[in-house]
Amino acid sequence: MIVEKIQKSLTIEFVIGFLGGLLGLYLGVFILFSQLDNGISAISASLVGLIGVFVIYRSAIVGGILLIVSSIWLLISIPTTTGILAAVLIGAAGLMKLDEVRKPKKPSNK
């Protein structure tokens, strides 16, 4: 039972979204010292992305939309190469989750 919970909690969407959120949070703190407005915006976008990562287990559609919105918001806040990397990671996690919801589930033959 514990192994099933661990396997469920470490899906690829979770890992990619979590890494993107942490990278965005790190960049937001770094930018906070030079540009206050962009730093606060980037930190807020990253926190929304991290919340979206945890929401995907409750509601996949809401979590996927939160991740995509966070990705766009982060891209606007940090238009640098590393900001683009964080936004792509978060956005990819959101798109993967929404694509998973869209696919019909196959019935099992058990």
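Read-outs: derived from the displayed coordinates by stated rules, not from any lab. Note that this is a predicted model, so its numbers are computed, not measured. Glycine gets a Cβ as well: all are built from the backbone with ideal geometry, and neighbour counts include every protein chain shown.
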Pair list, Cβ < 7 Å and 6+ apart or interchain, from segment 82-103 residues that are in contact (Cβ under 8 Å) with a residue 12 or more places away in the chain to residues that are of a type in the set (Asp, Glu) and surrounded by 18 or more Cβ atoms within 10 Å (Cβ to Cβ): Ala93/Glu13; Met96/Glu13; Lys97/Glu13
Of all residues in segment 34-91, which are buried (at least 17 other Cβ atoms within 10 Å of the Cβ) and part of a loop (DSSP other than H, G, I, E, B)? Ile56, Ile78
